[in-house]
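The values are calculated or read from the model by the stated rules, or taken from the named source; none is laboratory data. Model, not experiment: these values are computed from the prediction. Cβ: placed from backbone, ideal geometry, glycine included. Neighbour counts: every protein chain shown.
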Amino acid sequence: MSPAIEISTGNDDSSENLYQKGVKTMYENGIEHVPSKYVLPPSERPNVSSPEAELPDLHLPVIDFAHLQGPNRRQALHSLAHACEHFGFFQLVNHGIAEEVTEKMVNVGKRFFEMPLSEREKYMTADMNAPVRYGTSFNQNRDGVFCWRDFLKLICHPLPQLLPHWPSSPIDLRESAANYAEETRALYMVIVEAIVESLGLNKREETIMKEMEDGSQLMVVNCYPPCPQPDLTVGMPPHSDYGFLTLLLQDDVEGLQILHKHRWLTVRPIPGSFVVNVGDHLEIFSNGRYKSVLHRVLVNSTNCRISVASLLSFPFTSTVRPAVALITPTNPRRYKDTDFATFLDYIKSSDSKNKNFLHTRSIVLS
Ligand code: OGA
Ligand code: NI
């Protein structure tokens, strides 16, 4: 286990130091105003009361997993391709993971954040590769303005090696999170197969399925406590996810928005579903056909929101590049080769918000 970061000094708990301990702690201290560390410049503030998010024509595509597995597969693959091309996001229903497994995961995640800070802060570390990392904001060591989010990040693969490092309390965390990690991984493999097929690639000729068997997997439990001034800050700033796919489980509180045709669209939670999104690696693999889309999280003044994001991709040691069959004279190669080490160096040294990383990998076509 890596050494914990020094947080705060002495016994002063002024709001200036309190923020390093996370937003849950501030909320529990009954904070009435958002400390200046969280206040976004006016141009970056969410327009919480914007009527745009309410436009009825904006709905995320819903993919029925049972259709993908049955006689309607062709049609479902078509819908899948359309969602990945035009939204970069879809909601997955009928996915076959038992409600008990997803409910236990959200529930144990919630109880982790309800434990005393002394229990949670054992896992605070600046080491980005630590098997367990508890923290606040987006990147607490770099962010100029903090965001209204605490998180627990668990690396999940290979599970038997990592499990002993995961928090031992709540007492059921390891079992519930391990079950959940295994089930989401199996589901991911089936979705990747469908994605490969939807791109018109020949499964037998592509090595991707073999590679994914040892693919990376991490899970981030996000906690967004109520915020006294939700119009001044965000739970997560606009960003794209760097993996191949993200499978997001959210409770029934709204907060996630995606950028669609220059407008922010609120993702209405469908109980028991997953929100699945294309990450940077899939955008690269598909040579730009599937889009890794910007998304952000808004907070609110009344409800605590919990979400569990599973980020899955190629092995950490892989090089990510466009599939050879998708590079054609009419659609030349759009991205340079990339790897995880380059990405990790990048986020350590610069701002991982927006799609900055992907832009560093783009080949400008004339
Ligand atoms: C993420 C993310 C959205 C949410 O973890 O990358 O975008 O609703 N989460 O918590
Ligand atoms: Ni994200």
Legend entry - When residues of the stretch 276-318 are limited to those that are of a type in the set (V, I, T) and over 16 Å from Q217 (Cα atoms), the one nearest to ligand 1 (Cβ to nearest atom): V297
Legend entry - Tally of residues being out of contact with any Phe, Trp or Tyr (no Cβ under 9 Å at 6 or more places or on another chain) and under 22 Å from C84 (Cα atoms) across the stretch 207-237: 3
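Among the residues of the stretch 80-100, what is the count of those that are in contact with a helix residue (DSSP H, G or I) (Cβ under 6 Å, 6 or more places away or on another chain) and without any contact (Cβ under 8 Å) to a residue 12 or more places away in the chain?
Of the residues in that region, 0 qualify.
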Legend entry - Meets criteria (modelled with pLDDT of 50 or more and hydroxyl-bearing (S, T, Y)) for S15: no
Legend entry - Residue in the stretch 162-184 that is surrounded by the fewest Cβ atoms within 10 Å (Cβ to Cβ), counting only those that are part of a helix (DSSP H, G or I) and among the polar types (S, T, N, Q): N179
Legend entry - Matching residues, the stretch 257-287, being farther than 26 Å from Y180 by Cβ, buried (at least 21 other Cβ atoms within 10 Å of the Cβ) and more than 15 Å from ligand 2 (Cβ to nearest atom): I284, S286, N287
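I'm trying to understand the selection: among the residues of the stretch 115-153, which are of a type in the set (D, E) and free of Cβ contacts under 8 Å to residues at least 12 places away in the same chain?
D143
Say we look at the stretch 149-175 and pick out the residues that are closer than 16 Å to A309 by Cβ and touching a helix residue (DSSP H, G or I) at 6+ places or on another chain (Cβ under 8 Å); which of these is nearest to ligand 2 (Cβ to nearest atom)?
My answer is R149.
Let's see how each residue does on (1) within 19 Å of Y188 (Cβ to Cβ); (2) over 20 Å from the mean Cα position of the chain (by Cα); (3) assigned to a strand (DSSP E or B); (4) in contact (Cβ under 8 Å) with a residue 60 or more places away in the chain:
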| position | (1), (2), (3), (4) |
| --- | --- |
| A66 | yes, yes, no, no |
| G70 | no, yes, no, no |
| H78 | no, yes, no, yes |
| M105 | yes, no, no, yes |
| F113 | no, no, no, yes |
Legend entry - Residue list for the stretch 254-302, restricted to those being more than 17 Å from the chain's Cα centre (by Cα) and basic (K, R): K261, R263, R289
Inset, instruction - Kindly state which strands (runs of 3 or more DSSP E) lie completely within the stretch 185-250 and contain at least 1 residues that are surrounded by 21 or more Cβ atoms within 10 Å (Cβ to Cβ) and at pLDDT 95 or above. - result: 217-224, 245-250
Inset, instruction - Select from the stretch 20-37 the residues that are part of a helix (DSSP H, G or I) and under 15 Å from S301 (Cα atoms) and write down the one among them that is farthest from the chain's Cα centre (by Cα). - result: E28
Inset, instruction - Could you tell me whether the stretch 194-209 includes any residue that is of a type in the set (A, V, I, L, M) and within 16 Å of ligand 1 (Cβ to nearest atom)? - result: no
Inset, instruction - Considering each of R263, R268 in turn, give the residue that is charged (D, E, K, R) and either at positive phi or within 13 Å of ligand 1 (Cβ to nearest atom) (or both). - result: R268
Legend entry - Subset of the stretch 318-335 [surrounded by fewer than 19 Cβ atoms within 10 Å (Cβ to Cβ) and out of contact with any strand residue (DSSP E or B) (no Cβ under 8 Å at 6 or more places or on another chain)]: V324, A325, L326, I327, T328, P329, T330, N331, P332, R333
Inset, instruction - Would you be able to tell me the number of residues in the stretch 217-253 that are away from ligand 2 (no atom under 14 Å from the Cβ), within 23 Å of N94 (Cα to Cα) and either β-branched (V, I, T) or without any contact (Cβ under 8 Å) to a residue 24 or more places away in the chain (or both)? - result: 2
